[in-house]
Amino acid sequence: MKELNKETAQKGVYPERIIQFGEGNFLRAFADWMIKMMNDKTDFNSSVVVVQPIENGMIDMLNAQDCLYHVNLQGLDKGEKVNSLTMVDVISRAMNPYKEFDAFMKLAEQPEMRFVISNTTEAGIVFDPACKLTDAPASSYPGKLTQLLYHRFKTFNGDKSKGWIIFPCELIFLNGHKLKETIYQYIDLWELGEEFKTWFTEACGVYATLVDRIVPGFPRKDIDAIKEKLQYNDNLVVQAEIFHLWVIEAPQSVAEEFPADKAGLNVLFVPSEKPYHERKVTLLNGPHSVLSPVSWLSGVNIVREACQHEVIGKYIHKVMFDELMETLDLPKDELKEYANDVLERFNNPFVEHAVTSIMLNSFPKYETRDLPGLKIYLERKGELPQGLVLGLAGIITYYKGDARADGMKAEPNDAKEILELLQNLWQSGSYRKVAEGVLAEKSIWGEDLNLIPGLTDKVTYYLEAIQEKGMLQVLSDEF
């Protein structure tokens, strides 16, 4: 078996046009894989310089393999099983700015540099007033980026053709807006001047994005078989699902420079990211949050098995297509296509997705993912969405902490105050008191949900039905 490097494998040579903050599994299986597709299928002709955003990371492992690695895509594609391996060769080099600050700053001097991509976790886009322009480097990601931008501005004497297109991939709604605001804060803090601020505003674009691909990461369970198949000792294999979506809030001129659609990729350049954010939260995260307690209480532990279950599967379909979909405003055909993609992802034969892993902090999740849909459905249809209400009753029942018929005990995991509230309410012995108490808790909902017409009665009814008949029988009777 060969070591994986540019001596043993063919590595493409492309102009360095992209700076990427983040060397982790997600960007390597998402953005870098896409850039590979764009190089192969269009004239994009670009390579990536990876910058490690924190002091300790994994760029040494990347450089040891000359930044070559394989992406293992697994899942269903229109019902067909896919399990593919693709070598990604688009990363030219990887650097640690804490050890190579001069080389890091020289990136700003490269005329062909055009794009910046980042995934520095949700906590990465922050303003740290302790950062200084003279730090080597600034500790925050926006601080480092501002250092580079200012150096580029000075290097090219404010040439507006040398601005950058910036795509943050952090999982924050309107991440581009947040990053841009933070850069402005550094410009003011460091007194970099109005001329630079104008150049940044007019020459650079910081665009909000929504990213969507499940990336389990390094395939510990399968790695020996993968290496045997590849005949390479690749220690950076990254596993991901087939589905991918990148929604970028940017004009068509940006799409022309970043021709992902021409490579057949699921990348959308749109006027507003908001409806797509709502679609993902509503049709992917929303069903997850209610199918999990309903499935667990029915004796089914894996998402895929729940979707394929004769009774639970009908419930999931009803929640997605008949309830949550009715609350969104994108074209129906587009929503149906996305919902079918979500179901295919839930049915991924390569992923054992435990429903209990989704149930961490179930109440806050329901508040952001399902409650808005419940309200809109009631407003539009004049009645409560039964499946979403049953899901809420399922969460409340799971938080009681009882064991199932097979002896498996519920292990709710949430804020201490929420767990104590549920424990005290269930000790009352009254289903109505449990329903009223949960719905009244403003620390969860920010309001008293008992004021929603009919909700208290319906939650009470389902709590009693689940206790008396069991969740599976309730599903059989009602759905």
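So that you can scan it fast, the table gives a plain yes or no per residue for (1) among the polar types (S, T, N, Q); (2) more than 20 Å from the chain's Cα centre (by Cα); (3) in a loop (DSSP other than H, G, I, E, B):
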site	(1), (2), (3)
Ile183	no, yes, no
Glu191	no, yes, yes
Asn235	yes, yes, yes
Phe243	no, no, yes
Leu284	no, no, no
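Run down Phe173, Phe167, Phe156 and say which single residue is closer than 25 Å to Met34 by Cβ, of a type in the set (A, V, I, L, M, F, W, C) and surrounded by fewer than 18 Cβ atoms within 10 Å (Cβ to Cβ).
Phe173
Taking Ser289 as the residue in question, decide whether it is more than 23 Å from Asp32 (Cβ to Cβ), in contact (Cβ under 8 Å) with a residue 60 or more places away in the chain, within 19 Å of the chain's Cα centre (by Cα) and assigned to a helix (DSSP H, G or I).
Yes: the conditions hold for Ser289.
With the requirement that a residue be free of Cβ contacts under 8 Å to residues at least 24 places away in the same chain and in a helix (DSSP H, G or I), what does segment 375-412 give you?
Within segment 375-412, just Glu379 meets the criteria.
What number goes with the only condition from (1) at pLDDT below 95; (2) in a helix (DSSP H, G or I) that Val126 does not pass?
Only one criterion in (1) at pLDDT below 95; (2) in a helix (DSSP H, G or I) is unmet by Val126, namely (2).
Take residues that are surrounded by 14 or more Cβ atoms within 10 Å (Cβ to Cβ) and over 22 Å from the mean Cα position of the chain (by Cα) and tell me which of the helices (runs of 4 or more DSSP H) falling wholly in segment 1-100 contain 2 or more.
Answer list for segment 1-100: 31-41, 59-64.
Tell me which residues, restricted to segment 323-338, are assigned to a helix (DSSP H, G or I) and either closer than 15 Å to Asp370 by Cβ or in the same structural domain as Ile242 (by TED's automatic domain parsing) (or both).
Passing the criteria: Glu323, Leu324, Met325, Glu326, Thr327.
Considering each of Thr120, Thr134 in turn, give the residue that is part of a loop (DSSP other than H, G, I, E, B), touching a strand residue (DSSP E or B) at 6+ places or on another chain (Cβ under 8 Å) and either among the β-branched types (Val, Ile, Thr) or at positive phi (or both).
Of the residues listed, the single one that is part of a loop (DSSP other than H, G, I, E, B), touching a strand residue (DSSP E or B) at 6+ places or on another chain (Cβ under 8 Å) and either among the β-branched types (Val, Ile, Thr) or at positive phi (or both) is Thr120.
Under 7 Å by Cβ, and 6 or more places apart or on different chains, what pairs join a residue from segment 415-428 that is exposed (fewer than 15 other Cβ atoms within 10 Å of the Cβ) with one that is part of a helix (DSSP H, G or I) and of a type in the set (Val, Ile, Thr)?
Ser428/Val434
The values are calculated or read from the model by the stated rules, or taken from the named source; none is laboratory data. What you are looking at is a predicted structure, and each value in this text was computed from that prediction instead of being measured. Ideal geometry is used to build each Cβ from the backbone, glycine not excepted, and the neighbour counts take in all protein chains shown.
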